Amino acid sequence: CSIGAEPYTIAFILDSLKALERTQIIATDIDDKALQAAREGCYDFKYLQKTPGDYLHRYFDIKGESYYVKEALKNRVTFKKHNLLVDPPVLGCHMILCRNVFIYFKTETQDFLLERFSGALKPGGILVIGSSEYISNPERFQLSKRYNTIYQKK
């Protein structure tokens, strides 16, 4: 989850679609500092320049030059320390975002993680990887490519 930008963005989108109340967002990272930053939900404007203005006003409290994710929204995202290689995966997921992680691992480890992600996804669930990443032969993992870096579990 790094500093929380992606899980909060998903929360913004789900809220704007009136779907946030019936979802659970779990964001994980192995780095305690990244998790702490994510939980704080504090961002400089330069990091949010591409965020639509209505999202800035609806989902952030502005204090000086810092933008803080509003508490009501922060409470909808659970941040947990999690080692993808060791800790058991969260099961029954509709979507897994694992962007820019595979680039750090060899093929064997990528395959191990893809097996885990496939097992964690519900049928029809979505796996999103980074724009510089690729899954060769996704069918081995019961996945079919839907769009560039988006895969769906069969």
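Values in this text are rule-based calculations from the coordinates and carry no lab data. All figures in this text were calculated on a predicted structure; none of them were measured in a lab. For neighbour counting, all protein chains shown are included, and Cβ atoms are generated from backbone atoms with ideal geometry for every residue, glycine included.
Can you give the % of DSSP beta bridges in the chain that are antiparallel, to the nearest 5?
On the way: 14 of 24 bridges.
Antiparallel bridges: around 60 percent, rounded to the nearest 5.
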*Be a star and scan the range 8-31 for residues whose amide nitrogen sits under 15 Å from the point 7 Å along the Cα-to-Cβ vector of residue 54.*
12-19
*Starting from the amide H of residue 30, placed 1.01 Å from N in the peptide plane, find each other amide H under 5 Å away whose residue is 5 or more places distant or on another chain.*
82
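Could you list the square roots of 5 times each eigenvalue of the Cα gyration tensor of the chain, that is, the equivalent ellipsoid semi-axes, sorted largest first and rounded to whole Å?
Details: eigenvalues 166, 55, 43 Å².
Rounded to whole Å, the semi-axes are 29, 17, 15.
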*Phi-based couplings in Hz for the range 146-154 (Karplus 6.51, -1.76, 1.60; Gly and Pro marked x)*: 9, 6, 5, 10, 10, 10, 10, 6, 6
_Integer Hz, Karplus 6.51/-1.76/1.60 couplings in order for the range 41-49, x for Gly and Pro_ = x, 10, 9, 6, 4, 4, 7, 10, 4
*Kindly write out, for the range 123-131 in residue order, the coupling ³J(HN,Hα) from the Karplus curve 6.51 cos²θ - 1.76 cosθ + 1.60 (θ = phi - 60°), rounded to whole Hz, with x marking Gly and Pro.*
x, x, x, 10, 10, 10, 10, x, 5
*Residue pairs, from the table 18/63; 50/70; 33/70, whose Cα atoms sit over 23 Å apart*: 18/63
*Membrane-span-like helices in the chain: DSSP H runs reaching 18 Å or more (Cα, own axis), mean Kyte hydropathy at least -1.0?*
107-120
*For the range 1-61, run through the trypsin sites (Lys or Arg not before Pro) and keep only the ones in DSSP coil with at most 13 other Cβ atoms within 10 Å of their Cβ.*
18, 50
_Spatial separation of Cα centroids for the range 79-154 and the range 1-31, in angstrom_ = 17
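With a cut-off of at most 16 other beta carbons within 10 Å, and DSSP calling the residue loop, which GluC sites (Glu not before Pro) in the range 22-130 qualify? Please list them. Could the numbers behind the result be given before it?
Details: sites: 40, 65, 71, 108, 115; in loops: 65.
Filter output for the range 22-130: 65.
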*So for the range 84-153: antiparallel DSSP bridges make up what percent, rounded to the nearest 5?*
60
*asked:* For residue 96, what residues show an amide H to amide H distance below 5 Å, using hydrogens built from the backbone and excluding near sequence neighbours?
replied: 126, 127, 128
_Using only the alpha-carbon atoms, what does the range 5-79 span along each of its principal axes? Please give whole angstrom values in decreasing order._
31, 30, 19
*Among the lysines, which fall within straight-line cross-link reach of residue 154, defined as a Cα-Cα distance under 16 Å, with same-chain neighbours fewer than 8 residues apart omitted?*
122, 145
*asked:* Kirkwood Rh and Cα-based Rg: tell me the resulting Rg over Rh for the range 84-153, rounded to two decimals.
replied: 0.91
*Counting only residues 5 or more places away or on other chains, whose amide H sits under 5 Å from the amide H of residue 25 once H atoms are built in the peptide plane?*
78
